[in-house]
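Below is one structure; the comments refer to it alone.
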Amino acid sequence: MRSVLRWLVLVAVAALALQLFFVGRIAMMAAVDPQSTAFERSEAWRLLTGADTRMRWRQQWLPYSQISDNLKRAVIASEDGSFTNHEGVDWEALEKAWQKNEKAQERAAKLAAPTKAKTPATPRPPKVIGGSTITQQLAKNLLLSGERTLLRKGQEFVLTMLLELLLDKQRILEIYLNNVEWGEGVFGAEAAAQHYFRKPAARLSAFEAARLAVMLPRPKYFEKLPNSGYLSSRASTIVARMGSAELP
């Protein structure tokens, strides 16, 4: 019994030490620009150890003031419309995403059900809609692995709360825009602006910014489809929403 209690105490101490480590890392980010994220390091390793060993990497840190307001508004309008008002988690958006995913699952189940006239089909997996905020996305990419477990999701929630507690909204958005992925080895607003439009991130037009924002959920996919009709159509929708996007 004592050995079990000893192990439980050790696990609790290790968990506490890990949280204190995260607190220290995030507190430093109030003044020190993070040089990389956990996701970036995993991508760099993947590129270095892949079949094509050429390292294709673009990233350049920009202060918040040197990133186009068009891009800030476009990303907020596309990814997290209530960014400046929530405390890290948008519960209403999560609920809507949950309901949409449930309906998608039901439709997929109906398509797969056998009927008298035909054998059961093999439908495409339903598209899973996320409700993560900008802060949650940053928490996940900064310090966590890409695995999808309840434990990792719980840690993401804790880190989200820490980011909101220790950093202001402007700093959260600044770190996000400088580290988010926009293609194969393309990270951050400046790299994306140069890669896709051959111009600085400070000079992005509203439509260019909206196209970049629409790419965020699937950047590598849209990088290969620059003439995608969906990309242009969705970008026009985001442009229309940008006027109501509130900046921190």
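Every read-out reported here was derived from the displayed coordinates using simple, explicitly stated rules and does not represent laboratory data. Quantities reported herein were computed from a predicted structural model and do not represent experimental measurements. Quick reminder, even Gly has a Cβ in these numbers, built from the backbone with ideal geometry, and neighbours come from all protein chains shown.
Miscellaneous remarks
- The stretch 1-51: chymotrypsin sites (Phe, Trp or Tyr not before Pro) falling in loop per DSSP and having at most 12 other Cβ within 10 Å: none
- Applying the criteria of a DSSP loop state and at most 14 other Cβ atoms within 10 Å to the GluC sites (Glu not before Pro) of the stretch 130-206 yields E147.
- For the stretch 143-192 and the stretch 16-87, distance of Cα centres in Å: 5
- 3J(HN,Hα) from dihedral phi, the stretch 83-88, Karplus parametrisation 6.51/-1.76/1.60, rounded to Hz, x for glycine, proline: 3, 6, 10, 8, 9, x
- Counting 0.36 nm for each residue step from E147 to S205 and taking away their Cα separation leaves a gain of 17.3 nm.
- Other-chain or far-sequence residues with amide H under 5 Å of D90's (modelled H): T133
- Once the Cα-Cα distance is subtracted from the 0.36 nm per residue extended length, the S233 to Q170 segment shows a gain of 19.8 nm.
- Scanning residues 5 or more positions from K199 or on other chains, those with amide H under 5 Å from its amide H are Q194, with H placed 1.01 Å from N in the peptide plane.
- Positive minus negative residues near Q136 (Lys, Arg vs Asp, Glu; Cβ under 13 Å): -3
- Using the Cβ-Cβ distance between R6 and R58 with R0 set to 51 Å, the FRET efficiency works out to roughly 0.55.
- Taking amide H as placed 1.01 Å from N in the peptide plane, V186 has its amide H under 5 Å from the amide H of R58, each at least 5 places away in sequence or on another chain.
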